[in-house]
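Here it is, the structure in full.
The values are calculated or read from the model by the stated rules, or taken from the named source; none is laboratory data. Model, not experiment: these values are computed from the prediction. Cβ coordinates were reconstructed from backbone atoms using ideal geometry, including for glycine residues, and neighbour counts include every protein chain displayed. Note: accessible area is taken over every heavy atom of the protein model, side chains too, but ligands, DNA and RNA are not part of it. Shrake-Rupley method; radii C 1.70, N 1.55, O 1.52, S 1.80 Å.
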Amino acid sequence: MARLAQTPGLTDVQQSILETVRDFADKEIIPNAQRLEHADEYPTDILDGMREMGLFGLTIDEEYGGLGESLLTYALVVEQLSRGWMSISGIVNTHFIVAYLISQHGSPEQKARLLPQMATGEVRGAFSMSEPETGSDVSAIKSRAVRDGDRYVLNGQKMWLTNGAYSSVVATLVKTDTGAESVYGNMSTFLLEKEPGFGETAPGLTIPGKIEKMGYKGVETTEMVLDGVTVPDSAILGGADQVGRGFYQMMDGIEVGRVNVAARACGISIRAFELAVSYAQQRKTFGQPLAKHQAIAFKLAEMGTKIEAAHALMVNAARLKDAGQRNDVEAGMAKLLASEYCAEVVQEAFRIHGGYGYSKEYEIERLMREAPFLLIGEGTSEIQKTIISRGLLKEYKL
């Protein structure tokens, strides 16, 4: 095992899971990632292997057929999957968030019906807050659910759904008129169930074709159009008495998502470092390997230090959440530092590769297109700074 990004205090079970996932990434993901990514092809065989390992149920309680592992285990697994190919981690990320939301906030009926199927990967989850005109400003969403007897009718348009097509349940945040003074108390989360695929996948619910992206290929990103989608009270996350609680439920899930993005960034950074340190020892200039030149050696030193710092913050944020403590500031710090450092580490690895880094034959070219996504996903760096500063000012208020 390499020296970087080690995590002290893991159980034997956690160690075994991580060794299995790392071996899977080395044998099944890395050798196929370039071909699949360039073709923008859905990694069906890789996903089948993940189902066989039980990874879709990693954090779901054993009583529902899952492995019952912690957020820390989940984050470390994501780190290894992202080291192989970030898109693979994207496929399980929203699934994990939805499973977490149902586990933490779902009604007994929702847990009993959905979690066992999610644990096997038979049902996959997607997560939807953003809209075409709304990203970080969640209060400005326009999609709405209107009460109609004992049912709700949903209309609107959602954006940037990872797993939008292949998912069967979408945790969807919309506005509801509850009479609350705060706009955040007038939002509810609905569990919208649909058939996997594109087009009208449930009455009134349409998933148009996938959005073409610069990177993050293989996994589909879609819109979702709601045109008179009619659902019962029981579709509200947690049941009818949880109407108006959607924003707070989603923010709980986003904290998990930010740990995930930090873990993805760590995984990509580790892979970029592996590629750079290998190339720097093989490529010779002026009669000696690149790694013998102080300018390159110093780059490697800085890259390794950034990976260690990002990994430590990510692990801390995950452990706080596992302990039942609030981790919004720590998750924001982890996401901010890890994503920014990831962009820097990948760029340095790209520079070490020289002209070859610009070739599609070299893996670093793909990482150069994937790393920028992490600066945006689950809240931009500027949003993280807002969250962090507000939290610190509360703690240090005069």
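For the peptides 260-266, 43-49, what is the packing order when you average, over each peptide's residues, the other Cβ atoms within 10 Å and list the highest mean first?
The most tightly packed comes first, giving 260-266, 43-49.
Evaluated at 37 °C with a viscosity of 0.692 mPa s, what Stokes-Einstein diffusion coefficient in µm²/s does the range 55-211 have when Rh comes from the Kirkwood expression over alpha-carbon pairs?
Answer from the Stokes-Einstein relation: 199 µm²/s.
State, to one decimal in nm, how far the label point of residue 198 lies from the label point of residue 397, with both points 7 Å from Cα in the Cβ direction.
Result: 5.1 nm between the two label points.
Additional query: Using the alpha carbons of the chain, what is the convex hull volume per residue in cubic angstrom, as a whole number?
Enclosed volume per residue, from the Cα hull, is 141 Å³.
I've got another one for you. Quick check: the distance between the Cα centres of the range 336-390 and the range 261-297, to the nearest angstrom?
The distance from the Cα centre of the range 336-390 to that of the range 261-297 comes to 15 Å.
Tell me the carbon and sulfur percent of the accessible area for the chain, rounded to whole percent, probe radius 1.4 Å.
Of all accessible area on the chain, carbon and sulfur atoms account for 51 percent.
Computed over the Cα atoms, what is the radius of gyration of the range 334-388 divided by 2.2 N^0.38 Å, N being its residue count?
Rounded to two decimals, the normalised Rg is 1.28.
Grab the eigenvalues of the alpha-carbon gyration tensor for the range 187-300, scale each by 5, take roots, and send me the semi-axes largest first in whole angstrom.
Taking √(5λ) for each eigenvalue gives 48, 19, 8 Å, largest first.
When the convex hull of the Cα atoms of the range 67-149 is projected onto a plane and the area is averaged over all directions, what value comes out in nm²?
7.9
So which trypsin sites (Lys or Arg not before Pro) in the range 273-377 are both in a DSSP loop and have at most 11 other Cβ atoms within 10 Å of their Cβ?
The qualifying sites are 360.
If you average over every viewing direction, what projected area does the convex hull of the Cα atoms of the range 136-210 give, in nm²?
Orientation-averaged projected area of the Cα hull: 5.4 nm².
Here's something else I'd like to know. Report the equivalent ellipsoid semi-axes for the range 1-107 in whole Å, largest first, defined as the square roots of five times the eigenvalues of the gyration tensor built from alpha carbon atoms.
23, 19, 11
Using θ = phi - 60° and the Karplus form 6.51 cos²θ - 1.76 cosθ + 1.60, what ³J(HN,Hα) does each residue of the range 258-266 get, whole Hz, x for Gly and Pro?
For the range 258-266, the Karplus-derived couplings read 5, 4, 4, 5, 4, 5, 4, 4, 4 Hz, x marking Gly and Pro.
While we're here: Considering the alpha-carbon set of the range 242-330 alone, what are its Rg and its Dmax in angstrom?
19.3, 69
I've got another one for you. Test of understanding: what is the full-extension gain from residue 62 to residue 10, defined as 0.36 nm times their sequence separation minus their Cα-Cα distance?
Additional length available on full extension: 16.8 nm.
Please identify every one of the GluC sites (Glu not before Pro) in the range 32-84 that sits in a loop by DSSP and has no more than 13 other beta carbons within 10 Å of its own beta carbon.
41
I would also like to ask the following. Dipole of the range 253-340, Cα-centred, from +1 at each Lys and Arg C-beta and -1 at each Asp and Glu C-beta, to the nearest 20 debye?
The calculation lands at about 320 debye.
Give me the base-10 log of I(q)/I(0) for the range 1-50 at each q in 0.18, 0.23, 0.26, 0.29 Å⁻¹, Debye formula, one uniform scatterer per Cα, rounded to two decimals.
Normalising to I(0) and taking log10 leaves -0.69, -0.89, -0.99, -1.10.
Sticking with this one: Which aspartates and glutamates have a Cα less than 18 Å from the Cα of residue 142, not counting those fewer than 8 places away in the same chain?
131, 133, 177, 181, 223, 227
Give the accessible surface of the chain per residue, rounded to a whole number of Å², with probe radius 1.4 Å and ligands, DNA and RNA excluded.
Result: 43 Å² of accessible area for each residue.
Follow-up. Tell me the angle of helix 44-53 to the major Cα principal axis of the chain, expressed in degrees between 0 and 90 and rounded to the nearest ten.
With rounding to tens, the tilt is 80 degrees.
So which of 111/175; 158/397; 284/385; 217/335 end up more than 32 Å apart by C-alpha?
158/397; 284/385
For the chain, find the longest principal axis of its Cα atoms and tell me its angle to the long axis of helix 294-322, 0 to 90°, nearest 10.
30
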